[in-house]
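So the structure is just underneath, and the comments pick up after that.
What follows is calculated from the coordinates using simple rules that are stated; it is not laboratory data. What you see is a predicted model, and the numbers here were worked out from it, not measured in a lab. Backbone-built Cβ (ideal geometry, glycine too); neighbour counts: all protein chains shown.
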Amino acid sequence: MQKRSWPVCIIITGTLEAKKIINQDGALVRRLRPVEVMPMVLEKEGLIMQRAIKEMLSDTGLSHDGLLNETEFLRMLMHAAAHRFGMAIETAIEAIGLAKLDGDLEITIDHFAEAYFARMNCDDEFNPFIARLWKAIDTTKAMDRLS
């Protein structure tokens, strides 16, 4: 894993088990610089996420009619993305693409609902952009269906 010409090794994992493995091996502890990416919190990353999506909308010529200024919508988007910044941005990109594909001039919550469905393939009851009790949905599970 090491090369004299490029003595850098990057290991990216989304598993908690990696921390246990690293902590059990003194050589790994000395050689690695672990970085833990914490889940998004509205008060910290909400404004960054909002600005990024607004900039993407501006680049595409779409408006949002105040949707991105609604705190409840931002909370919903974060929840839908399991509080992962990358997933939130991917959902927004997909929603923007759907709005453009439909020839719409503004992005709506329906575009986000459709984008979420495209990613997770779930019933409406498990889609945070549709379900009334969206906070109770476990958004870490894909393709949930009601039995």
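Quick notes on this one:
- R0 of 22 Å, Cβ-Cβ distance Asn23-Ile89: FRET efficiency to nearest 0.05: 0.10
- Relative contact order [Cα under 8 Å, 6+ residues apart], the chain, whole percent: 18
- Amide H contacts of Ser63 (H built 1.01 Å from N, in plane; Pro and chain starts excluded): Glu106, Ile107 sit under 5 Å, all sequence-distant by 5 or more or on other chains.
- The GluC sites (Glu not before Pro) found in the range 22-65 that occupy coil by DSSP, while having at most 10 further C-beta atoms within 10 Å, are Glu36.
- Here the chain is assigned +1 on the Cβ of each Lys and Arg and -1 on the Cβ of each Asp and Glu. Its dipole about the Cα centre then comes out at about 1300 debye.
- Computed lengthening from Leu32 to Asp144, 0.36 nm per intervening residue step minus Cα-Cα distance: 36.6 nm
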